[in-house]
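The values are calculated or read from the model by the stated rules, or taken from the named source; none is laboratory data. What you are looking at is a predicted structure, and each value in this text was computed from that prediction instead of being measured. Positions of Cβ are generated from backbone atoms using ideal geometry, with glycine treated the same way; all protein chains shown enter the neighbour counts.
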Amino acid sequence: MAGAKAPQERGGYTEDVSAGGPEEHGLRYEVDGEIATITLDRPDKRNAQTFATWSALAQIGDDLPERVRIVVVKGEGPSFSAGIDLRMFTPEGVPGQGSFSSAARLGAAAFEQRLRQAQRGFLWLRRPEIVSIAAVQGHAIGAGFQLALACDLRIVADDVKFCMKEPALGLVPDLTGTKPLVELVGLARAIDICLTARTVEAGEALRIGLTEQVVARDDLDRAVHDKIAELLSTNRDAATATKRLLQGARSRTLEEQCAAEGAEQAERLRALFAAQP
Ligand code: ACO
């Protein structure tokens, strides 16, 4: 697993990518060989997220070393993330980052551009070249739930509490979470979860496909470690090509998917046997 590394191994985002200082990013980032670990690191504020957090996430995605195959997203302390920083709802907002009342005064185009920048922090976690794993304990609310949904896999502790709180606050979930939620649990369940803003606990999360694995709180790191070992045991390029195939499967017809399998396999065979006479 990732550990403290020499400075040149450490993460690539710089101070000026975010509107706030490090305390507003609220992130730690470490790269250890093929594994990158991003830790939401404001446990005293339950890892509440700001625009600076999302800018920093986007920058990590931009700078991710090519050798990285696995990205772990985790939260320090009792909660994965209590969602957006509630200071956004105050007139003062988050220092240097504004508030919802200032966002409401932006034109639609300017707001959408700002939102796209925030969404960039989540979208790269789906790249075929990596497998992203959210290790989720305690509360994953709003933006926290959506960050977990942005990852390919979710391994959760038995105290997990997912909640899509946005509709209760007069908002919609807009940090890329609606599509993966529908794809994971189906439209009816997604409507139920979002429009009631109710809490989904571990047993239900496993039953409806929100998570692949529930473990005791103390076993979360070990379970993620074991999953990483399994994921790294397969061929890197085959894993990338297979993830690409699986990601495209839903939007293709069976015939198209068969053709895509053939194209990927032809490429694999070329690569595997290129060295042979
Ligand atoms: N933004 C800013 N600060 C927060 C947030 C947040 N989202 N959530 C918790 N905190 C702070 C609290 O204000 C408190 O700070 P303080 O010690 O300075 O008073 C500290 O974190 C601990 O919070 P508690 O409520 O004491 O912790 P507890 O473990 O009892 O409860 C819980 C955790 C359930 C997550 C609760 O804090 C909560 O409901 N937070 C708000 C969740 C929310 O509505 N998020 C917005 C979702 S919508 C979206 O993300 C777009």
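Some observations on this one:
- Figure legend. Inter-residue proximity from segment 106-123: first residues in contact (Cβ under 8 Å) with a residue 12 or more places away in the chain, second residues loosely packed, with under 15 Cβ neighbours inside 10 Å and in a helix (DSSP H, G or I), beta-carbon distance below 9 Å, spacing 6+ or different chains. Indicated pairs: ARG120/ASP62.
- Criterion: surrounded by fewer than 22 Cβ atoms within 10 Å (Cβ to Cβ) and without any contact (Cβ under 8 Å) to a residue 60 or more places away in the chain - qualifying residue of PRO91, PRO78: PRO91
- Of all the numbered requirements in (1) within 16 Å of the ligand (Cβ to nearest atom); (2) modelled with pLDDT under 95, LEU106 misses one, and that requirement is (1).
- With respect to being more than 13 Å from the ligand (Cβ to nearest atom) and assigned by the TED database to the domain that holds ASP219, ARG87 falls outside the description.
- Residues located in segment 156-167, provided they are near the ligand (Cβ under 10 Å from one of its atoms) and buried (at least 24 other Cβ atoms within 10 Å of the Cβ): MET164
- The residue list ILE130, ILE141 contains one member that is touching a Cys at 6+ places or on another chain (Cβ under 7 Å), surrounded by 15 or more Cβ atoms within 10 Å (Cβ to Cβ), in contact (Cβ under 8 Å) with a residue 40 or more places away in the chain and outside the structural domain of THR242 (by the TED database), which is ILE141.
- Residue within segment 34-46 that is closer than 19 Å to ARG154 by Cβ, in contact (Cβ under 8 Å) with a residue 24 or more places away in the chain and near the ligand (Cβ under 10 Å from one of its atoms) present: yes
- Residue in segment 195-203 that is touching a Pro at 6+ places or on another chain (Cβ under 9 Å), of a type outside the set (Ser, Thr, Tyr) and either farther than 29 Å from ALA104 by Cβ or in a helix (DSSP H, G or I) (or both) present: yes
- From LEU175, LEU125, LEU153, LEU210, residue being crowded, with 16+ Cβ neighbours inside 10 Å, within 16 Å of the ligand (Cβ to nearest atom), modelled with pLDDT of 95 or more and under 14 Å from the mean Cα position of the chain (by Cα): LEU175
- Within segment 100-123, one or more residues are among the charged types (D, E, K, R), in the same structural domain as PHE145 (by the TED database) and within 28 Å of ILE228 (Cα to Cα).
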